[in-house]
Ligand code: DHK
């Protein structure tokens, strides 16, 4: 029996260029590939998803706020906003369901400014360095967390 509410999968700035930008770091899969793989797995797990990407902080905040009433959980790759955004952490703190943070690359192995993520202070789980497969790992974990 599928969970009634969808899992929001939110992607921050520059992830629209996935597959094209720095493939040695982020891989060759496009964001469309990731969205398709997530949709396939979600169906298998009996979950529904809403998959979004924006380069704009306020748009990400708006989607997180929508999830307060419309979402069962949030999987978020805030990308560069991980390291800068108080607005995103405030919005996530106003969301009561489970939150899983995903980074395609291992942010701890990279430049020092990427080592701190504001979002990690709210996230129930963090996946980093597993490539785009991290989204699928997050969905499997989300399945357990929403008790579906
Ligand atoms: C993606 C980005 O765009 C960077 O700004 C982050 C993250 C890391 C990722 O690994 O998915 O620092």
* Asked: If you scan the stretch 134-148, which residues turn out to be part of a loop (DSSP other than H, G, I, E, B) and out of contact with any helix residue (DSSP H, G or I) (no Cβ under 8 Å at 6 or more places or on another chain)?
  -> 146, 147
* To do: Would you check if residue 18 is touching a strand residue (DSSP E or B) at 6+ places or on another chain (Cβ under 7 Å) and modelled with pLDDT of 95 or more?
  => no
* **Matching residues in the stretch 35-55 - criterion: being in a helix (DSSP H, G or I) and over 15 Å from residue 138 (Cβ atoms)** => 36, 43
* To do: Quick one: residue 43 ticks every box in (1) exposed (fewer than 13 other Cβ atoms within 10 Å of the Cβ); (2) more than 19 Å from residue 33 (Cα to Cα) except a single one, so which number is it?
  => (2)
* Structure fact -> Note on the stretch 17-34: residues touching a residue at least 12 places away in the same chain (Cβ under 8 Å), on the phi < 0 side of the Ramachandran plot and assigned to a loop (DSSP other than H, G, I, E, B) are 18, 29, 30
* To do: Tell me which residues, restricted to the stretch 75-104, are under 13 Å from the mean Cα position of the chain (by Cα) and within 9 Å of the ligand (Cβ to nearest atom).
  => 77, 78, 79, 80, 81, 82, 102, 103, 104
* Structure fact -> Within the stretch 2-30, restricting to residues that are more than 11 Å from the ligand (Cβ to nearest atom) and over 18 Å from residue 70 (Cα atoms), the one that is surrounded by the most Cβ atoms within 10 Å (Cβ to Cβ) is 29
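The values are calculated or read from the model by the stated rules, or taken from the named source; none is laboratory data. Quick caveat, the model's predicted, so the values are computed rather than measured. Using ideal geometry, Cβ is built from the backbone for each residue, glycine included, and neighbour counts are taken over all protein chains shown.
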